[in-house]
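Let me begin by presenting the structure, written as structure tokens, before commenting on it.
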């Protein structure tokens with residue numbers, strides 16, 4: 001176990017390195033999260049940054065050293081991640097690899113899979129994407145219909161996946177496909193593949209988002225043949241592996257390689273964006289109506305943060321058990337959406353400008369951020385579905 | 001930019017207190033008992049008060065040297081949350097605040113009163129003369145040998161053994177302390193309080209200076225800090241009341257059928273119920289974070305931020321819960337018989353007590369946004 005002193009020394013080292021190596025503004029729009037990488041220019045920039053982070057030893061620290069990691073205690077990576085957030089450096093873009101596929105391969109993969117895939121994830125050379133959601137099964141993953149049929153040494157894939165982040169750049173996909181449409185339980189018909197993307201019959205079509213940016217694709221499979229060795233684990237056990245990938249979201253301590261997946265957007269950043277702005281001839285931050293709204297937002301911001309800590313105090317969770325864990329996603333995402341909406345509204349006339357305009361506040365950062373916020377209020381179960389879940393599971397209301 | 005702390009701690013002792021308080025409040029104050037006291041002149045059960053004194057609740061935050069248990073102000077939050085949950089009202093809040101106000105002056109003359117309070121004397125502070133919780137100015141004064149003036153919204157004044165009167169004396173603020181029997185009936189007028197579980201009076205004063213005890217010291221700060229603590233206690237009470245209010249709503253949604261279905265299955269009722277729940281969770285986090293920051297000495301910036309946030313959020317939460325509770329009970333909700341009105345009236349009363357949500361956000365904004 002590392003001592004407090006060792007950890008503190010390490011923290012200072014990371015902070016100093018980030019300070020010295022944080023890339024300058026490239027002069028073009030950088031994505032606010034890994035879900036908006038839409039140009040070669042952005043991709044090259046982010047790839048170079050991730051490689052630099054890994055070379056310096058601040059990525060994949062807790063992964064085994066024979067596969068590009070350092071075999072260090074996860075706490076070191078957590079500290080590095082916190083410092084990256086504090087220093088507001090660019091994201092480590094290969095998120096599906098670093099946070100989903102990689103930890104899964106590391107935990108349950110074969111020796112061959114580990115040596116084949118892990119290092120390329122860390123260096124950023126091999127981009128990974130995820131094929132879980134389907135156009136007709138947004139919130140209901142277990143009903144996925146994309147087919148994988150065994151044919152000799154190959155599987156033949158037919159169907160489509162949607163919201164594939166970086167599908168057009170990815171070399172590999174973690175793919176959930178149906179190998180047995182007749183299984184008694186729908187979950188038992190699913191299998192998990194580490195599939196190549198650059199094969200005939202796989203066609204990722206970019207989807208343009210409401211912000212005007214790209215980053216997602218819809219991925220079509222048309223008699224695409226992949227080697228049977230791409231099957232991970234056993235046939236019919238795909239659901240368990242898919243569920244296991246979700247647990248790595250909790251960060252380095254849970255097995256993820258580390259790095260930022262999105263730009264941190266906090267309440268104080270909004271206040272910063274309003275400093276010195278005028279409204280009705282005086283400072284907007286002195287306007288009583290504006291101040292009241294800002295305080296409402298801050299109160300909710302703090303309440304949700306405190307709630308994350310209160311969730312661990314049993315005696316303070318007896319009235320409505322499970323309310324905090326089940327409502328955190330709903331509350332954070334809805335709060336972020338409201339806060340960003342306010343940040344745009346408070347810009348005055350500049351609130352009407354967008355990213356290409358030289359007068360746009362912070363290059364249209366808040367306009368983009370607000371529109372992006374719907375990815376969180378819709379993705380991973382819409383707020384309305386979340387509210388149904390809470391009503392039924394916490395309050396016990398009938399379906 | 002520093003928005004105050006998010007740390008939260010809750011000791012074993014506090015957890016035990018919460019557990020004991022909830023059990024006792026539920027026993028002492030089933031909803032029929034709450035209703036039986038609504039039109040009662042006294043408004044509370046003397047037996048309930050006795051039990052609280054026996055449990056040491058009046059001296060919970062007072063120092064041991066005054067006969068208290070020195071548990072800290074943080075212990076009062078679980079207590080008042082429990083009282084709010086059972087809509088159990090006694091002179092406890094007035095008494096605790098009177099003790100806190102006297103103690104915070106730092107005047108040694110306060111000691112004797114603190115001992116009486118810890119031993120079970122009922123006490124109250126006459127905080128306001130007008131409708132403005134933020135007013136600093138006092139018309140009540142000690143002049144030419146007499147204490148003269150008038151006070152409004154004096155909580156639990158009818159039964160108070162000790163009445164603390166903020167007044168001006170030779171240009172500075174002091175606390176004039178009287179015993180209840182020094183104010184005769186002609187000088188008292190009972191308020192018709194919207195929350196019928198509470199009692200308050202307006203009083204007029206014309207008493208010889210020689211008959212009052214004058215407490216000096218840091219009276220401005222003592223009053224200001226005590227009002228902020230009062231705001232937190234009302235926030236804790238409101239959070240507890242909101243929990244019961246939501247439970248009342250949910251019980252109805254699970255039993256009432258319309259158009260062949262339990263009405264709780266309709267999303268139009270489900271989703272706002274979840275909004276109430278989320279607001280309660282926020283309020284609860286904020287009141288217990290404030291409890292973590294409150295100490296017996298001067299209120300820190302973090303403690304002030306926490307109290308302002310807690311009162312703003314908890315007041316809005318109970319108003320929202322009470323308002324929707326009436327609506328979701330349909331025609332039944334419009335009746336006096338339906339318990340929804342009890343929570344709605346508590347919400348209407350509580351939102352103004354010790355300053356409404358905007359009052360607290362205004363002060364919060366000054367702490368957060370303006371240079372120190």
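Coordinate-derived values only; no laboratory data. Keep in mind that what you see is a predicted model, and the values were worked out from it rather than measured. A quick note on method: Cβ atoms are made from the backbone with ideal geometry, for glycine too, and the neighbour counts reach across all protein chains shown.
Taking the alpha carbon gyration tensor of the range A:267-393, what are the square roots of 5 times its eigenvalues, largest first, to the nearest whole Å?
33, 18, 10
Separation of the range B:177-243 and the range A:171-190 by C-alpha centroid, Å?
69 Å
Over all directions, what mean area does the Cα convex hull of chain A project, stated in square nanometres? Walk me through the intermediate numbers first.
On the way: hull surface 91.0 nm².
Averaged projected hull area, Cα only: 22.7 nm².
Let me test this: with uniform point scatterers at the alpha carbons of the range B:281-372, what is the Debye-based log₁₀ I(q)/I(0) at q = 0.13, 0.18 1/Å?
-0.52, -0.81
Tilt of helix B:301-328 relative to the longest C-alpha principal axis of chain B, in degrees (0 to 90, nearest 10)?
40 degrees
When 1/r is averaged over all different Cα pairs and the result inverted, which Kirkwood radius in Å belongs to the range B:80-204?
One decimal place: 15.1 Å for the Kirkwood radius.
Post the alpha-carbon centroid distance, the range A:3-17 to the range A:67-145, in whole angstrom.
25 Å
When you have a sec, figure out the Kirkwood radius of the protein assembly as shown from all distinct Cα pair distances and drop it here in Å to one decimal?
Computed over Cα pairs of the protein assembly as shown, the Kirkwood hydrodynamic radius comes out at 29.5 Å.
How large is the helix-only mean residue ellipticity at 222 nm for the protein assembly as shown, computed as the sum of -39500 (n - 2.57) over DSSP H runs with n ≥ 4, divided by its residue count, in deg cm²/dmol to the nearest 500?
-14500 deg cm²/dmol
For labels at residue B:168 and residue B:209 in the simple 7 Å Cα→Cβ model, what's the distance in nm?
Distance between the two pseudo-spin positions: 1.5 nm.
Arranged by the count of other C-beta atoms within 10 angstrom, fewest first, what order do A:335, A:137 take?
In order of increasing Cβ crowding within 10 Å: A:137, A:335.
Output the Kirkwood hydrodynamic radius of the range A:4-125, Cα pairs only, in Å rounded to one decimal. Spell out each step's value before the answer.
On the way: mean 1/r = 0.0664 Å⁻¹.
Hydrodynamic radius (Kirkwood, Cα pairs) of the range A:4-125 is 15.1 Å.
Under the definition of partner shielding as Cβ atoms of other protein chains within 10 Å of a residue Cβ, what is the mean value for peptide A:311-322?
Across the residues of A:311-322, the mean count of other-chain Cβ atoms within 10 Å is 5.
Restricting to bridges with both residues inside the range A:44-175, how much of the DSSP beta-bridge set is antiparallel, in percent to the nearest 5?
Working: 6 of 10 bridges.
Antiparallel bridges make up about 60 percent of those DSSP assigns within the range A:44-175.
May I ask for the angle, rounded to the nearest 10°, between helix A:4-21 and the longest principal axis of chain A, with both axes built from Cα atoms and the value confined to 0 to 90°?
The answer is roughly 80 degrees.
May I have the pair-distance distribution P(r) for the range A:129-253, computed from all Cα-Cα distances with 5 Å bins from 0 and rounded to whole percent?
2, 12, 21, 24, 20, 12, 5, 2, 0
Can you tell me the orientation of helix A:383-393 relative to chain A, as the angle in degrees between its alpha-carbon axis and the longest Cα principal axis, to the nearest 10?
80 degrees
Which order do peptides A:182-192, A:53-63 fall in by mean Cβ count within 10 Å, highest first?
So the order, starting with the most tightly packed, is A:53-63, A:182-192.
Need one number: the % of Cα-Cα pairs in chain B sitting beyond the 26 Å mark.
Counting pairs separated by more than 26 Å, the tail of P(r) holds 51 percent.
Hull surface divided by four, with the convex hull built on the Cα atoms of the range B:12-118: how many nm²?
Reported value for the Cα convex hull: 6.8 nm².
What does the C-alpha gyration tensor say about the overall shape of the range B:157-285? Classify as rounded when a/c is under 1.5, otherwise prolate if a/b is larger than b/c, or oblate.
It comes out prolate by the Cα gyration axes.
Mind sorting A:389, A:79 by how few other Cβ atoms lie within 10 Å of their own Cβ, fewest first?
A:389, A:79
For each of B:124, B:197, count neighbouring Cβ atoms within 10 Å of the residue's Cβ, then give the residues from fewest to most.
Placing the least packed residue first, the sequence is B:197, B:124.
Hey, could you get me the Stokes-Einstein D for the range A:174-312, Kirkwood radius over alpha-carbon pairs, 10 °C and 1.306 mPa s, rounded to whole µm² s⁻¹?
In µm²/s, the coefficient rounds to 78.
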